[in-house]
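Notes to accompany the following structure.
Bear in mind that the values in this text are calculations on the coordinates, not laboratory data. Computed from a predicted model, the values in this text were never measured in an experiment. Note that we place each Cβ from the backbone using ideal geometry, even for glycine, and neighbour counts take in every protein chain shown.
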2 protein chains.
Amino acid sequence: MDDAALKSAAADLDGASLDAAMRALGRAARDGAEALRLATPQTRTRAIAAMATRIRVRAEEILAANATDLRRAEANGVSGPMLDRLALNPERLEGIAKSLEVVAAIPDPVGAEIARWTRPNGLDIARVRTPIGVIAVIYESRPNVTADAAALCVRSGNAAILRGGSESFHSAQALHAAIAEGLADAGLPASSVQMTPTADRAAVGMILAGLDRTIDLIIPRGGKSLVARVQAEARVAVLGHLEGLCHTYVHTGADEGKARAIVLNAKLRRVSVCGATETLLIDSAVAPRLLPLIAADLVEKGCELRGDLRARSLVPAMKPASDEDWTTEYLAPILAVKVVDGLDAAVEHIETHGSGHTDAIVTEDQAAADAFVAKVDSSIVLVNASTQFADGGEFGFGAEIGIATDKLHARGPVGAEQLTTFKYVVRGTGQTRP
Amino acid sequence: MDDAALKSAAADLDGASLDAAMRALGRAARDGAEALRLATPQTRTRAIAAMATRIRVRAEEILAANATDLRRAEANGVSGPMLDRLALNPERLEGIAKSLEVVAAIPDPVGAEIARWTRPNGLDIARVRTPIGVIAVIYESRPNVTADAAALCVRSGNAAILRGGSESFHSAQALHAAIAEGLADAGLPASSVQMTPTADRAAVGMILAGLDRTIDLIIPRGGKSLVARVQAEARVAVLGHLEGLCHTYVHTGADEGKARAIVLNAKLRRVSVCGATETLLIDSAVAPRLLPLIAADLVEKGCELRGDLRARSLVPAMKPASDEDWTTEYLAPILAVKVVDGLDAAVEHIETHGSGHTDAIVTEDQAAADAFVAKVDSSIVLVNASTQFADGGEFGFGAEIGIATDKLHARGPVGAEQLTTFKYVVRGTGQTRP
C-alpha cells in the first residue's frame, strides 16, 4: 500500500478499517526499514537535507495547517504553554528546517565498526552498528518533534512510525507530506517514515500492541503519564524516561561563585525541562555561609523555596518542605532545600529520592568529586556544571529523541548512535570448530 | 537478613513465608549490588578466584549433594541427556572450578571509559561502564550454570539472584555455599550472589514480578518454553534468546572442500547447541556438483536429510521437507535442505524463516560475502566458518551467560561486558547553560 492509498484510506476510519490501515502501515514501515538499512549513508544524508528543503517549499501549507490546529485547540480550551508549544510561525518553521540540516550533518552511525579483533584460530570478528528496525515515536502536540524524530530515525537507518498529539494532527500531516517528499527525492520509499492516519486515540493502543510484530521499539516522548502508560501497556520494548528528579549538591569544598551561579542556572534557566534541578542539597559545613546567598539569588528571580528544619533555621523565610517535596518533579520555579552532613548523606538522599536522571556536585575537592562520581549511579553525573546541560545537543549528539533513565540499551541523551544496535560479522577461511 | 538466616527460613516455607523470604532476598541482593559496584576490580577478581578455591575445598560435600539430586531425579524418571547434564564427578567439578578461574582472568569491565570528548564550552564528557544492578538468572538443572552465572555477574559488578532447575536443588545449594564463602573471603557480602531458598516453583513467579523492583534484568537460560514463559510474564527487562534457527548458505563461489567441511561441522559437531545449522541453503548453480557430496558426508555420519523438490531430484534418498521443516530447530541430527536461485533468494529465506541468531555463507567471492554480510540482519553473520562458532568462549569473551537474539542492549554472546550499562560523567569548571 503506498502513501497516497494510506491517506485516502484514512479519510473515514471506523474501528475495523483503522485496524486494517494500521496493520498496513506496520507492514509498509517494515519494508521501509529494510530499504533504509541497506541505503548508503550519503542517501540517508540526502534524504534528511531534502526534507528540510521540502519543508521550506511547503511552508505556506504547513503554517495554514497549523492555524487550523491552533483554532481547534483554542476552541477546546487549550491555552498557555501547551498552545505555545503547538504554535508555528515562519521563524519557528525555519528553525525546524535548520535542525534537520544539523541532523543531516551528524556522522552516520550505520555500519560503523565498534570493535574488531582476531582469534587465535584466525577468525576475524567485527562488532558493527546496525539499525534497530522500526521505531514508533509517540509524542505530544509539538510539531517540531515530528521533524526531529523523523530525521533521527532516518539518520540511524530506522523506519519510523510517528504518532503526535491529536491537537497537532493537521500540522503533523502537513510536515509529514514534506518529509515523505524528501525521502522520495533521495530515492527512499516514502513509507519509511509513517504517520498514523488519524487523530483517533485507538491508534496508540494498536501501536502499543506492536502492529503484528512489525515494531521493534517504542519511544514515548512526553509527560510522565504518557510514558507511564506506554511502559505499562506496551508489548514491545520501550525506551523512555519517567522523570528528571535532579539534584545539585553543594559540597564543603564548593567555590562560592560557582555554587551560586550553578544552582541559579540549574533551577531557573528553564524550569520546565527534565534536567532542571528540583532539590538542592547543601553541606552543613558550608550552609550557614552559602545558603543565605544562594537563597537570595533564587528568591530575587521569583523562585519559591521549601526547606527542611535546618535550612529554615538559616533562611527563615523558606516554607517548610514535606516528605512529598523530596520526590516531586516541580517543573516550576520551586526548589526543595535540604542540609546534609557530608557526601555520603547527599548520595544516600539522591539514591533514595532521585530518578537516576542527572545529578551534580559543586566542589573544588578532587577526592570528593571522584567519590560522588563513583557512588551516584545516575545516567548523567556532573561535577561543577549545571544540571541543565542534560541534553543531546549539549553533549554534541546534534539532536536527541529523549533522555533514557532505563538502565538497559541506552542511558542519558538518546541520539542517532543510541538508536542503533549491533551485529557480529565473523570472517573465516574455512574454520570448523574442534 | 544474612545468608544463614535465609537458609533456616527456607527449611519449611509456606506461601506467605516464601513470599517474605523472597522479598528479603531481593533487598539483600540490592545491598549486595551496591557493594559489588563500589568494590575494586581486584576485589571482584579475588572473589571469583576464591569461589574456585572454596569449590575445591567443598568438593566432597558438593558431590554428595549431587548424588542426592541424581537419586531423586532417577526416581522421578529423569534419564538420558537431562540426567547427564545434572551429573557431577570430580573431573567435571574441577572443570567448573577452572572455568571460574577463566572468568577471574577476564578484564574487569566496570569503570572502563568507552568514550571521552570535550565540548567547545570546556565540559569534559566521559561514557563509563557501570553494572546493571541486580540480575536474576533462571536456568535448567545444570550445576555448572550456577557457578558460571555467579562468576559472570560478579565480574561485571552485578548482584545475582540464581534460580536453577528443581532437579539440581541440592547441588546448587552446595555450590552456592562455596560461592558465598568465596565472596566473604574477598570481603564482599555473601548476599551479592543469592540462591532461591526452595525448589518451589512459586519462587519463579515472584522473580518474574520483580521482587519489589529490586531486580533490574532477568536472564532465562534454557529451553524455548522457559524463555517464552519468562518473556511473556516478566514485569522486568528480559535478555534472552528464543531459538537458534541457523542457516548455512553454500554460494556459487564456494570452495568445495570448505563447503563440505563447514556444513558437516555446522550441523553435526554438536547437534544440541543453539549455533547448530538447521537448514542448508545451496545455490542451484553448484547444487548438482556439491549437494551429492555434502549429502553423502552427512548421511555417513548418521544425519537425516529433508529436502525440497529440487534437492530431492539431486539426492533421491532424501525425505521430503514440509513447510514446518524450514522453521524447526531440530537440535538433532536432522538437516533441512533447500536449493535456492542466488544470494537474494537465500537472504529472503533466512529473513522469512530464521531467528536472527547465526547465519553463514560459504564463498570465495568477496562481493557476494560482502552482500550477504550487509543484507542478513542476524546477531552473528559468518563468512567461510561453521555456525558452531556462535559461542562467547569462541569469541574470546571467556564465558557467556547466553546468546541474545533480542535487538536491544546486547546481541549475540552475552559476556561480562554485555552485562554492563554506562553512565555519563561530565566534568566542568563552573559552566552554566546560556
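Taken over the alpha carbons of the stretch B:3-233 as equal point scatterers, the Debye sum produces base-10 log I(q)/I(0) values at 0.14, 0.17 Å⁻¹ of -0.86, -1.24. Summing Cβ point charges (Lys, Arg +1; Asp, Glu -1) relative to the Cα centre of chain B gives a dipole of roughly 1020 debye. In this assembly of identical copies, the label point of B:LEU38 (Cα plus 7 Å along Cα-to-Cβ) is separated from its counterparts by 5.4 nm, sorted shortest first. Note on B:LYS98: aspartates and glutamates with a C-alpha under 16 Å away, same-chain residues under 8 apart excluded, are B:ASP148, B:GLU400. P(r) tail for the stretch A:70-200: Cα pairs beyond 18 Å make up 61% of the total. Cross-link partners of A:LYS407 among lysines, defined as those whose alpha carbon lies under 22 angstrom from its own and excluding same-chain residues fewer than eight positions apart: A:LYS224, A:LYS375, A:LYS423, B:LYS407, B:LYS423. Expressed per residue, the C-alpha convex hull volume of the protein assembly as shown stands at 176 Å³.
Label-to-label distance for B:GLU91 and A:ARG270 is 6.7 nm, based on points extended 7 Å past Cα in the beta-carbon direction. In the protein assembly as shown, the DSSP beta bridges split such that about 25 percent are antiparallel, to the nearest 5. With respect to the axis relating copies A and B by rotation, the chain A residue whose beta carbon is closest, plus that distance in Å, is A:HIS409, 2. The order of B:LEU175, B:LEU264, A:LEU183, going from fewest to most other C-beta atoms within 10 Å of their C-beta, is B:LEU264, A:LEU183, B:LEU175. For the stretch B:281-418, the dipole from Cβ point charges (+1 on Lys and Arg, -1 on Asp and Glu) about the Cα centre works out to 360 debye, to the nearest 20. With label points set 7 Å from Cα along Cα→Cβ, the inter-copy distances at B:ASP365 are 6.9 nm, sorted shortest first. When only the Cβ of Lys, Arg, Asp and Glu is charged (+1, +1, -1, -1), the dipole of the protein assembly as shown relative to its Cα centre reaches about 480 debye. In chain A, with Lys and Arg counted as +1 and Asp and Glu as -1 at Cβ, which of these residues, A:LEU245, A:LEU335, A:ASN158, has the Cα nearest the positive end of the dipole, that is, farthest along it? Final value for the positive-end residue is A:ASN158. Placing pseudo-labels 7 Å out from each Cα toward the beta carbon at A:ALA367 and A:ARG116 gives an inter-label distance of 4.6 nm. Label-point spacing for B:VAL273 across the identical copies (point 7 Å from Cα in the Cβ direction), in nm and ascending order: 5.0. Going from the fewest other Cβ atoms within 10 Å to the most, the residues A:SER192, B:SER79 appear in the order B:SER79, A:SER192. Within the stretch A:121-276, the proportion of C-alpha pairs whose separation exceeds 23 Å stands at 50%. Values of log10 I(q)/I(0) for the stretch B:129-216 across q = 0.11, 0.14, 0.16, 0.22 Å⁻¹ run -0.27, -0.44, -0.58, -1.09, by the Debye formula with one identical scatterer at each alpha carbon and no solvent.
Remark on B:THR421: its backbone amide H falls under 5 Å from those of B:THR130, B:ILE132, a criterion applied only to residues 5 or more positions apart or on other chains, H modelled at 1.01 Å from N.
Full extension of the segment from A:SER225 to A:LYS301, taken as 0.36 nm per residue of separation minus the current Cα-Cα distance, would add 24.4 nm. Counting every pair of alpha carbons in chain A, the share spaced more than 33 Å apart comes to 42 percent.
Placing unit charges on the Cβ atoms of the charged side chains and taking the dipole of the stretch B:3-233 about its Cα centre, the candidate lying farthest along the positive direction among B:LEU183, B:LEU100, B:GLY133 is B:GLY133. List the lysines whose Cα lies under 16 Å from the Cα of B:LYS258, skipping any in the same chain that are fewer than 8 positions away. Answer for B:LYS258, where 16 Å is the Cα cut-off: B:LYS267, listed by chain and number.
Taking the DSSP beta bridges with both ends in the stretch B:3-233, the antiparallel portion is around 30 percent. Distant-in-sequence amide contacts of B:MET195, defined by a placed amide H-H separation under 5 Å and a gap of 5 or more residues or a different chain, comprise B:LEU162. Taking other C-beta atoms within 10 angstrom as a stand-in for reagent exposure, B:ARG119, A:ARG312 fall in the order B:ARG119, A:ARG312, fewest first.
With both residues required to sit in chain A, DSSP beta bridges show an antiparallel share near 30%.
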